Amino acid sequence: MANQFVLDTNIVLDFLLARQQVNPFYKDVPRFILKQQPFLIAAHQLATIEYVFFREIKLLGLEQRDEPKKLWSLFQKNVQLIKTPTFIDWEHPLAQHDIEDYQIHLAAERINAKIITRDINFADLSSICISPIHFIQQSASLPQSAIHIPFLDLKAINNQYSTEFEQAIDRTLNSGWYILGNEVKQFEQAFAHFCGTKHCIGVANGLDALILIIRAYKELGIFQDGDEIIVPANTYIASILAISENRLTPVLVEPDINTYNINPALIEEKITDKTRAILVVHLYGQVTAMTEINTLAKKYNLKVIEDSAQAHGAVYQDKRTGNLGDASGFSFYPGKNLGALGDGGAVTTNDDQLAGVIRALGNYGSHKKYENLYQGINSRLDEIQAALLIVKLKFLDSETEKRREIADYYLQNIKNNEIVLPTVINRESHVWHLFVIRTQERDKLQKYLSDNGVQTLIHYPIPPHQQRAYNHWNDLNYPITELIHQQVLSLPISPVQDMTATQKVVAKINDFN
Ligand SMILES: Cc1ncc(COP(=O)(O)O)c(C=O)c1O
């Protein structure tokens, strides 16, 4: 993300009032700024700017004219308020000199921004100030090679919603109710509606969501210790941990080399009289072949559990993940497509009884205050995270569309014989949590991209069966899973990644040999 700049009140007024004599750059600075961001000003500056602008317009006798009104509405469209912190250190030299400047300084400091000002005294007292001429010079001479493309700019993703977040946090703070209150209830309703399910139960994280589903089936007498659950060998380890944590046995099945998801054709041979469920993982954001899975489940009377941690909103035959099996676990870990500002998770299901047991299990096993049906745990989504997730859920589909546009571009434009691109079943079925390519030269490619300013990650470097945590599996062979782990590389993709960055990634990959 490029540097951010907060405009001092004088710079905004120079622009609005065309004060050329005092600021020869009165037009140039705003023009440069608007190329990369809206005008950022601290909330407390707005009233002063408005007051001075309209006072000057009146003094000039221009209040009846259309131009000032048009200019003001242009300003309204292009301004973004950032928060003025309420903490004040009265001993600070700036606070003693000019309280308005001090508050601008605090507001800018909070988001690591610089301040553009032509006030020399302000610049003397704040190390983050920059003059208009310096700003113009710096912007003009910014070297292209300095561009860095992060794998995932979480700060930029969340900053899009800073105003709504502020409202959500203030609402929660003011409610005086911080656990299992209205925010969680509202979010659960909204997320169930989004997935198309009857129930959504907020929990503390994605791993707990899966653990609690299995635990609930045990409480209902459907699963028992030592029963088996089919699970992909190629997954993030949490899917498997949820099974072993419940003292059931994970039975690993190799993936389809094209989709990286569990290969349904290899499941039947692994089914025994102890098999109770198939836990599918919609890896990287693409839905598993659910028709085959549900057919098998029906044939052998198995439960189907979805691990939807990476696939919020993906669609399979007109239904979304979370609604494609008996129950589904979601993660709202910050880096997920629907990410909180901390841990969070949820279970979705259409099964009333299961939902009731999960809700109780996550709340000490209590269905009613101070009455405990089960030996439960404490695993709840908290009010603040729920309030933030309500905001982000509204934008999830449009964020997914941005991910799809980047993926489309990668798919159409990456042309390098060394590289295997992901296979997409159809556009709707993939939400591109990760855009994962494969190459025999993975480590070389990763280093080359890093040297060229492109950050990539590996999902995942060590397969679950080769982890020390499961040392009894270490001698087993899952060749497709192992090959995937040796060759995959995840390219930058996110709803805030712009076309220039995407094009640069493609150009660099196409030049790789
Ligand atoms: C496939 C998968 N399952 C489960 C989880 C666990 O989610 P959480 O980190 O919220 O516990 C994750 C994410 O980390 C995941 O990617």
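The values are calculated or read from the model by the stated rules, or taken from the named source; none is laboratory data. These numbers were taken from a predicted model, which means no experiment stands behind them. Don't worry about glycine lacking a Cβ; one is built from the backbone with ideal geometry, like all the others, and counts go over all protein chains shown. Side chains are part of the model used for accessible areas, which takes the heavy atoms of the whole protein and leaves out ligands, DNA and RNA. Shrake-Rupley method; radii C 1.70, N 1.55, O 1.52, S 1.80 Å.
Using Cα-Cα distances under 8 Å and only pairs 6 or more residues apart, what relative contact order does the stretch 212-267 have, in percent? Please list the in-between numbers first.
Values: 69 pairs, mean separation 18.7, N = 56.
Value for the stretch 212-267: 33 percent.
In sequence order, what are the phi-derived ³J(HN,Hα) couplings for the stretch 5-19 according to the Karplus relation 6.51 cos²θ - 1.76 cosθ + 1.60 with θ = phi - 60°, rounded to whole Hz, with x for glycine and proline?
After applying 6.51 cos²θ - 1.76 cosθ + 1.60, I find 10, 9, 8, 5, 4, 5, 5, 5, 5, 4, 5, 5, 9, 6, 8 Hz.
Based on alpha-carbon positions alone, could you give the equivalent ellipsoid semi-axes of the chain from the gyration tensor, as √(5λ), descending, whole Å? Intermediate values should be presented prior to the final figure.
Values: eigenvalues 497, 168, 70 Å².
They are 50, 29, 19 Å, listed largest first.
Under 5 Å between amide hydrogens, which residues at least 5 positions from residue 129 or on another chain qualify, with H placed 1.01 Å from N in the peptide plane?
For residue 129, whose amide H was placed from the backbone, the distant partners under 5 Å are 115.
May I ask you to order 400-412, 59-71, 101-113 by the average number of other C-beta atoms within 10 Å around their residues, highest value first? It would help to have the intermediate numbers written out before the result.
Values: 400-412: 17.2, 59-71: 11.3, 101-113: 20.0.
Ranked by mean Cβ neighbours within 10 Å, highest first: 101-113, 400-412, 59-71.
Just read off the accessible area of residue 54 with the full protein assembly in place, 1.4 Å probe, to the nearest 10 Å².
Result for residue 54: roughly 80 Å² accessible.
Return one whole number: the accessible area per residue of the chain in Å², for a 1.4 Å probe.
On the way: 24320 Å² over 513 residues.
With the other protein chains kept in place, the chain gives 47 Å² per residue.
Using the Karplus curve 6.51 cos²θ - 1.76 cosθ + 1.60 with θ = phi - 60°, work out ³J(HN,Hα) for each residue of the stretch 201-209 in order, rounded to whole Hz, and write x for Gly and Pro.
Each residue's phi maps through the Karplus curve to give 10, x, 9, 6, 6, x, 5, 4, 4 Hz.
In the stretch 47-146, carbon and sulfur make up what percent of the accessible area (probe 1.4 Å)? Working shown, then result.
Working: 3450 of 6380 Å².
It is 54 percent, rounded to a whole number.
Summing +1 for each Lys or Arg and -1 for each Asp or Glu, what net charge is found among the other residues whose Cβ lies under 15 Å from the Cβ of residue 418? If you can, show how the numbers build up before the last one.
Numbers: positive: 415, 438, 442, 444, 447, 508; negative: 441, 443, 511.
Charge balance near residue 418 sits at +3.
So what is the calculated 222 nm ellipticity per residue for the chain, using -39500 (n - 2.57) for each DSSP H run with n of 4 or more, over all residues, to the nearest 500 deg cm²/dmol? Present the calculation step by step, with values, prior to reporting the outcome.
Working: 20 runs with 215 residues, N = 513.
One gets -12500 deg cm²/dmol as the mean residue ellipticity at 222 nm.
To the nearest Å, what is the center-to-center distance of the stretch 121-182 and the stretch 24-42, using C-alpha atoms only?
Here the answer is 16 Å between Cα centres.
Could you tell me how far the Cα centroid of the stretch 452-513 sits from the Cα centroid of the stretch 323-386, in Å?
30 Å
In what sequence, highest mean first, do 283-294, 502-513, 467-478 appear when ranked by Cβ atoms within 10 angstrom? The partial results should precede the final answer.
Details: 283-294: 22.3, 502-513: 16.3, 467-478: 11.8.
Highest to lowest by the protection proxy: 283-294, 502-513, 467-478.
Cα centroids of the stretch 45-82 and the stretch 408-424: how far apart, whole angstrom?
If we compute the Cα centre of each part, the gap is 50 Å.
Sorted by accessible area (1.4 Å probe), largest first, how do 193, 465 line up? The partial results should precede the final answer.
Numbers: 193 155, 465 0 Å².
Largest to smallest exposure gives the sequence 193, 465.
Taking the Cα atoms only, what angle lies between the long axis of helix 396-413 and the longest principal axis of the chain, rounded to 10 degrees?
80 degrees
Taking square-rooted eigenvalues a ≥ b ≥ c of the alpha carbon gyration tensor, is the stretch 143-260 rounded, prolate or oblate, where a/c under 1.5 means rounded and, failing that, a/b exceeding b/c means prolate?
Working: a/c = 2.78, a/b = 1.27, b/c = 2.19.
Oblate, because a/c is 1.5 or more while a/b does not exceed b/c.
Sorting 442, 320, 171 by accessible area (1.4 Å probe), largest first, what list results? Please report the intermediate quantities before stating the final value.
Numbers: 442 20, 320 50, 171 115 Å².
Solvent-accessible surface, decreasing: 171, 320, 442.
May I ask you to compute the full-extension gain from residue 352 to residue 367, defined as 0.36 nm times their residue separation minus their alpha-carbon distance, rounded to one decimal in nm? Don't skip to the end; give the middle numbers.
Numbers: separation 15, 0.36 × 15 = 5.40 nm, distance 1.36 nm.
Using 0.36 nm per residue and subtracting the Cα-Cα distance, I get 4.0 nm.
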